[in-house]
Protein chains: 2
Amino acid sequence: MSGWVRIAGLGPGDDALVTPEVSAALAEATDVVGYIPYVARVAERPGLTLHSSDNRVELNRAAQALDLAAEGRRVVVVSSGDPGVFAMASAMFEAVENGPATWRGLDIAVLPGITAMLAAAARAGAPLGHDFCAINLSDNLKPWSLIEKRLQLAIAGDFAVALYNPRSKSRPEGFEKTLELLRDGCEPERLILFARAVSTPEEALRIVPLAEAAPEMADMRTVVIIGSSRTRLLEMNSKPMLYTPRFTPE
Amino acid sequence: MSGWVRIAGLGPGDDALVTPEVSAALAEATDVVGYIPYVARVAERPGLTLHSSDNRVELNRAAQALDLAAEGRRVVVVSSGDPGVFAMASAMFEAVENGPATWRGLDIAVLPGITAMLAAAARAGAPLGHDFCAINLSDNLKPWSLIEKRLQLAIAGDFAVALYNPRSKSRPEGFEKTLELLRDGCEPERLILFARAVSTPEEALRIVPLAEAAPEMADMRTVVIIGSSRTRLLEMNSKPMLYTPRFTPE
């Protein structure tokens with residue numbers, strides 16, 4: 001039997017947002033490897049072994065998946081959202097690069113998914129309808145000074161900005177500093193979307209002007225989208241829609 | 001009968017990358033509205049009317065969809081990729097904002113899809129595994145000076161950068177200027193991915209260092225991903241994988 005690894009994105013939560021490609025890989029898999037809450041989204045069945053691991057052990061998890069594939073198992077490594085956006089794909093290639101030579105002969109592919117910012121943007125309207133950036137606010141793997149620099153450049157370029165992992169219990173201060181930095185560089189009317197757990201039963205959306213944005217509005221299940229200076233709120237009869245126009249004048 | 005509009009993303013081309021949510025909307029629709037090649041991806045069936053229109057008539061197309069929904073029809077507006085990323089969602093909300101008041105009472109939702117950069121990144125490895133920007137290189141709707149400014153800021157921030165609509169027959173010079181600008185700001189070894197028509201029979205991927213990148217490598221069906229300074233090429237036995245490590249040192 002010839003093993004393989006598929007690094008798959010489960011989308012933001014709703015099964016209706018899992019691609020058929022990912023579902024097919026899961027149907028053929030012998031093993032699923034991933035962070036506890038993501039593995040919990042995969043249905044158990046005979047012949048499938050689920051391997052859950054805790055957060056922040058990405059390289060160990062990657063090694064486990066690669067070892068299993070080297071033994072001939074068909075392994076799906078699951079991430080929430082898209083595996084290539086602040087998720088398992090980079091960790092997998094890092095592990096291969098630093099691992100035994102046999103791993104470079106494995107059949108490895110990445111299967112894309114609906115990443116959190118696209119699900120959040122769709123639910124709110126079209127805030128990413130013009131040029132945008134995606135920034136991971138976690139400073140576990142990069143210095144805070146780099147995050148700050150990127151935020152400032154993104155504001156200077158009038159990009160819309162999606163912030164991943166905005167705020168955890170262990171580092172509540174990063175998002176506070178982000179809001180201060182936004183207040184220095186943007187007008188108080190700038191629109192901010194807090195989108196929590198989109199497409200799950202806990203989904204909660206909130207759109208506020210920067211002047212009313214507060215650190216407690218975000219947690220680790222929230223994606224924050226900062227509008228560009230041209231992002232607008234369109235009043236509809238049911239709920240307002242946030243969108244960034246396609247056109248930017250001279 | 002109560003009409004609705006779903007602004008749906010068909011993903012990059014392969015049906016295995018269309019979400020079940022979008023497939024369900026298409027199954028319930030009475031009308032599909034969109035640009036000719038995207039509507040051509042929807043299977044004909046009794047009871048479904050397909051309305052194809054040419055490129056660059058986004059606001060007319062939006063008005064057509066909204067009119068149909070106001071008459072009680074169930075309308076899916078199709079885009080390639082994700083509708084919120086350089087596609088129809090913004091145009092739809094623009095049309096609503098500037099249209100008759102009745103349109104604000106319509107049931108309108110955006111259904112996300114796998115946008116081109118995520119499909120391209122997955123196929124090549126994980127080049128968007130760290131902070132990144134998405135920039136539309138078309139200057140139909142914004143001044144070239146703004147594109148240039150955003151490119152320069154993205155390079156200054158050492159973001160990976162996904163370029164949409166890099167080059168059309170009517171404006172071949174933009175991507176040439178982009179490459180010149182990259183040569184001013186980046187080292188010649190900087191890795192560039194040209195990903196054409198990912199997940200279709202015409203798929204073609206090419207990874208070159210900036211020094212070897214040429215304007216002809218891109219066309220309107222190509223997404224270009226410029227690596228950050230830390231993006232690496234990992235030699236595998238089958239094909240090389242492009243990835244951006246999660247870790248950035250001080």
*Could you identify the single residue in B:ALA16, B:ALA8 that is closer than 18 Å to B:LEU118 by Cβ, aliphatic (A, V, I, L, M) and surrounded by fewer than 23 Cβ atoms within 10 Å (Cβ to Cβ)?*
B:ALA16
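Yes or no, residue by residue, for (1) surrounded by fewer than 20 Cβ atoms within 10 Å (Cβ to Cβ); (2) closer than 18 Å to A:CYS133 by Cα; (3) not assigned by TED's automatic domain parsing to the domain that holds B:SER229:
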residue	(1), (2), (3)
B:ALA126	no, yes, no
B:HIS130	no, yes, no
B:LYS149	yes, yes, no
B:GLY157	no, yes, no
B:ASN165	no, yes, no
B:THR200	yes, no, no
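Does any residue of segment B:172-195 turn out to be in the same structural domain as B:LEU128 (by TED's automatic domain parsing), among the basic types (Lys, Arg) and part of a strand (DSSP E or B)? Working first, answer last.
Kept after step one, since they are in the same structural domain as B:LEU128 (by TED's automatic domain parsing), are these residues of segment B:172-195: B:172-195.
If we keep only those that are among the basic types (Lys, Arg) too, we end up with B:177, B:183, B:190.
Going one step further and asking which of them are part of a strand (DSSP E or B), we end up with none.
No, segment B:172-195 contains no residue that is in the same structural domain as B:LEU128 (by TED's automatic domain parsing), among the basic types (Lys, Arg) and part of a strand (DSSP E or B).
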*Determine, yes or no, whether A:PHE159 is at the interface with chain B (Cβ under 7 Å from one of its Cβ atoms) and either among the basic types (Lys, Arg) or free of Cβ contacts under 8 Å to residues at least 12 places away in the same chain (or both).*
no
*asked:* Checking the conditions here, which among A:LEU128, A:LEU66, A:LEU118 is more than 14 Å from B:ARG246 (Cβ to Cβ) and part of a loop (DSSP other than H, G, I, E, B)?
replied: A:LEU128
*Look at segment B:199-250 and say how many of its residues are more than 14 Å from every other protein chain (Cβ to nearest Cβ), aliphatic (A, V, I, L, M) and assigned to a loop (DSSP other than H, G, I, E, B).*
4
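For the structure I just gave you, tell me whether A:ARG41 is assigned to a loop (DSSP other than H, G, I, E, B), more than 18 Å from B:MET236 (Cα to Cα) and within 14 Å of chain B (Cβ to nearest Cβ).
no
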*Which members of segment B:219-240 meet the condition of being in contact (Cβ under 8 Å) with a residue 12 or more places away in the chain and either among the β-branched types (Val, Ile, Thr) or closer than 30 Å to A:ALA70 by Cα (or both)?*
B:THR222, B:VAL223, B:VAL224, B:ILE225, B:ILE226, B:GLY227, B:ARG230, B:THR231, B:ARG232, B:LEU233, B:LEU234, B:PRO240
_Qualifying position, being part of a loop (DSSP other than H, G, I, E, B), within 17 Å of the chain's Cα centre (by Cα) and either more than 10 Å from chain B (Cβ to nearest Cβ) or within 17 Å of B:PHE132 (Cβ to Cβ) (or both), among A:GLY47, A:GLY72, A:GLY84_ = A:GLY84
_Quick check on my filter: what residues within segment B:214-241 are crowded, with 24+ Cβ neighbours inside 10 Å and not hydroxyl-bearing (Ser, Thr, Tyr)?_
B:ALA218, B:VAL223, B:VAL224, B:ILE225, B:ILE226, B:GLY227, B:MET241
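Which count do you get for residues in segment A:105-120 that are touching an Asp or Glu at 6+ places or on another chain (Cβ under 8 Å) and at the interface with another protein chain (Cβ under 7 Å from one of its Cβ atoms)? Even if it seems obvious, please write down each step before you answer.
The initial filter retains those residues of segment A:105-120 that are touching an Asp or Glu at 6+ places or on another chain (Cβ under 8 Å), namely A:111-115, A:118.
If we keep only those that are at the interface with another protein chain (Cβ under 7 Å from one of its Cβ atoms) too, we end up with A:111-112, A:114-115, A:118.
Adding up the residues that qualify gives 5.
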*asked:* Return the residues of segment B:1-38 that are more than 23 Å from the chain's Cα centre (by Cα) and within 12 Å of another protein chain (Cβ to nearest Cβ); say none if nothing qualifies.
replied: B:TRP4
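Within the group A:ALA89, A:ALA95, A:ALA24, A:ALA43, which residue is hydrophobic (A, V, I, L, M, F, W, C) and either crowded, with 24+ Cβ neighbours inside 10 Å or in contact (Cβ under 8 Å) with a residue 40 or more places away in the chain (or both)?
A:ALA89
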*asked:* Suppose we filter segment B:50-63 for residues that are crowded, with 20+ Cβ neighbours inside 10 Å and in a loop (DSSP other than H, G, I, E, B); how many remain?
replied: 0
*asked:* Let me confirm something: among A:GLY125, A:GLY129, which residue is on the phi > 0 side of the Ramachandran plot and either within 9 Å of chain B (Cβ to nearest Cβ) or in contact with a His (Cβ under 7 Å, 6 or more places away or on another chain) (or both)?
replied: A:GLY125
*Which of the residues belonging to segment B:46-71 are within 16 Å of B:VAL5 (Cβ to Cβ), among the aliphatic types (A, V, I, L, M) and free of Cβ contacts under 8 Å to residues at least 40 places away in the same chain?*
B:LEU48, B:LEU50, B:LEU59, B:ALA62, B:ALA63
*asked:* One residue is enough: does segment A:90-104 have a residue meeting the conditions more than 9 Å from every other protein chain (Cβ to nearest Cβ) and closer than 28 Å to A:ALA162 by Cβ?
replied: yes
*Only residues that are of a type in the set (Lys, Arg) and farther than 25 Å from B:ILE135 by Cβ: list them for segment A:167-192, please.*
A:ARG167, A:LYS169, A:ARG171, A:LYS177, A:ARG183
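Looking only at segment B:162-177, which residues are closer than 18 Å to A:PRO245 by Cβ and more than 10 Å from every other protein chain (Cβ to nearest Cβ)?
B:ASN165
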*Select from segment B:191-250 the residues that are among the β-branched types (Val, Ile, Thr) and more than 21 Å from A:ALA109 (Cα to Cα) and list them in ascending order.*
B:THR248
*Only one of (1) farther than 25 Å from A:PRO12 by Cα; (2) in a loop (DSSP other than H, G, I, E, B); (3) in contact with a helix residue (DSSP H, G or I) (Cβ under 9 Å, 6 or more places away or on another chain) fails for A:LEU153. Which number is that?*
(2)
*What are the residues in segment B:132-153 that are within 7 Å of chain A (Cβ to nearest Cβ) and among the hydrophobic types (A, V, I, L, M, F, W, C), if any?*
B:PHE132, B:CYS133, B:ALA134, B:ILE135, B:LEU141, B:LEU146, B:LEU153
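The values are calculated or read from the model by the stated rules, or taken from the named source; none is laboratory data. Since the structure is predicted, the reported quantities are computational estimates derived from the model, not experimental observations. Glycine gets a Cβ as well: all are built from the backbone with ideal geometry, and neighbour counts include every protein chain shown.
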